[in-house]
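The values are calculated or read from the model by the stated rules, or taken from the named source; none is laboratory data. These figures come from a predicted structure and were not determined experimentally. Side chains included, ligands, DNA and RNA excluded: accessible areas come from the protein's heavy atoms. Shrake-Rupley method; radii C 1.70, N 1.55, O 1.52, S 1.80 Å.
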Amino acid sequence: MRGVSRETLRRLEVFEQVIRKWNPKINLVSKSSLEQLWTRHVADSIQVFRCTEAPDHWVDIGSGGGFPGLIVAILAAEEAPQMRVTLIESDQRKSAFLRTAARETGANCQVIAKRIEAVEPQQADILSARALADLDTLLGFAERHLKPEGVALFPKGATWEKECAAARQRWNFNAEPITSKTDPDAVILKIEGVSRA
């Protein structure tokens, strides 16, 4: 895995073991994509982390199998130890997985097992979500949980331009598409200035 230290790589390998152990029970990632865990999920999450300077508070919503949130916490353990990482996941079993994976990898993060809209506003510097909802819905979560000057990082597939156009019916925002390193048709949308249209 290029661009990470030996210590971080060791943590990521521990994370892989935990996900392989839990996946048959609670389906964190599809069986077919488990074989491409490093390229499809881990590398994809690392590039989200690399899109920005380490903030004070990073919040990942709908954290599920830990992408990108737990990977962010693993990278932060060495690269940004002062950063607070919060993972929000309403599914109790997935939350239990996230807590176990954080403990076993030594990643420092808080796991909140509630619905995103029921959690106190987080005042996040960075808000991330991967494969959670359409952009319109995500911007509603951003309005609730991002600081006014905060940045949202949302990985999106080939239809990202359609999603942006649809979301502009209800929202004002600036979106910078960053081409994905793992999928040439995909982008990471770096979004700022979210307000209702």
Inset, instruction - For the chain, find the longest principal axis of its Cα atoms and tell me its angle to the long axis of helix 69-79, 0 to 90°, nearest 10. - result: 70 degrees
Inset, instruction - Return one whole number: the accessible area per residue of the stretch 90-197 in Å², for a 1.4 Å probe. - result: 53 Å²
Legend entry - Tail fraction, Cα-Cα pairs, the stretch 98-176, threshold 20 Å, whole percent: 40 percent
Legend entry - Taking the chain and dividing mean pair separation by its residue count, relative contact order in percent (alpha carbons under 8 Å, at least six apart): 18 percent
Legend entry - Residue-averaged 222 nm ellipticity for the chain, from DSSP H runs of 4+ at -39500 (n - 2.57), nearest 500: -11500 deg cm²/dmol
Inset, instruction - Compute the relative contact order of the stretch 42-118 as a whole-number percentage, counting only Cα pairs closer than 8 Å that sit 6 or more residues apart in sequence. - result: 32 percent
Legend entry - Span from the the stretch 39-93 Cα centroid across to the the stretch 134-164 one, whole angstrom: 16 Å
Inset, instruction - Considering only Val59, Val48, Val18, give the residue with the highest GNM mean-square fluctuation for the chain, with springs between Cα atoms whenever their separation is below 10 Å. - result: Val18
Inset, instruction - Please give the per residue volume of the convex hull enclosing the alpha carbon atoms of the stretch 1-136, rounded to a whole number of Å³. - result: 104 Å³
Legend entry - Cα-Cα over 32 Å, subset of Lys21/Lys156; Lys114/Lys190; Lys31/Lys147; Lys21/Lys162: Lys31/Lys147; Lys21/Lys162
Legend entry - Gaussian network model of the chain, Cα within-10 Å springs - most flexible of Glu149, Glu16, Glu35: Glu35
